[in-house]
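One structure below.
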Amino acid sequence: MTHPASPHPDEILASALARSDAAAWRRLERDHGPKIRRSIARVIHRFPGLCASDTVEDVAAELSIRLLKNRGAKLTAFRVGRGLTLEQWLMRIAKQAAYDHVRRLRRRRTAPLELDFVVAAADDPHADCLARQRSELLQSAVNTLPHRERQLYDLCFRSHEEPERAAELMGIRIATVYSKKHKLMSRLSRVLSDDAALAA
């Protein structure tokens, strides 16, 4: 009597990721995160005038959302026998996500959102004025956020907490942090774009 072959470790990890298992996501970040980000960076660095310095992390967050879509259907369907390891497969999807991100930026023709309150040097009054106006617009947008989104903003963008720590403090899954962070950035981007259009 033959016994069915045991699942490959990559398939076991993919299945755990699809279930939003926190330990699996930590392992993914530890073992595969650097190569996945390098794959994204190779695409992003080809468009220096379009992409900001933190775009790699934005795309990495988008990748997480893409993988968890439809209850992790992509991850659940992953099989080693199709010729790619999990890492190679993730790098391929990451590259696709990076190109998709660039295409969206080109369509929108708006500058990527920077979520730090940076004030220009005092010897450049014009730049200083623009920076202050932008900070005021961003602060106004942040003030309109519901409590939980404001909490996420404070943890991820002001305190620069790691997603794992933010998930722990908010009592949510790490995958939810990535998803909510991406949605929050999109929402603030829209608000700032609308305000900029009105002010123009």
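List of remarks:
- C129 satisfies every condition listed in (1) more than 18 Å from the chain's Cα centre (by Cα); (2) modelled with pLDDT of 80 or more except (2).
- The condition of being more than 25 Å from R26 (Cα to Cα) and at pLDDT below 80 holds for only one of R109, R103, that being R109.
- Residues (exposed (fewer than 14 other Cβ atoms within 10 Å of the Cβ) and either of a type outside the set (A, V, I, L, M) or touching a residue at least 12 places away in the same chain (Cβ under 8 Å) (or both)) located in the range 23-34: R30, D31, P34
- For the range 36-55, a residue qualifies if it is under 16 Å from the mean Cα position of the chain (by Cα) and part of a helix (DSSP H, G or I), and the qualifying residues are I36, R37, R38, S39, I40, A41, V43, I44, T55.
The values are calculated or read from the model by the stated rules, or taken from the named source; none is laboratory data. Every value quoted in this text rests on a predicted model; they were computed, and no experiment measured them. Counting neighbours? That spans all protein chains shown, and the Cβs are built from the backbone with ideal geometry, glycine included.
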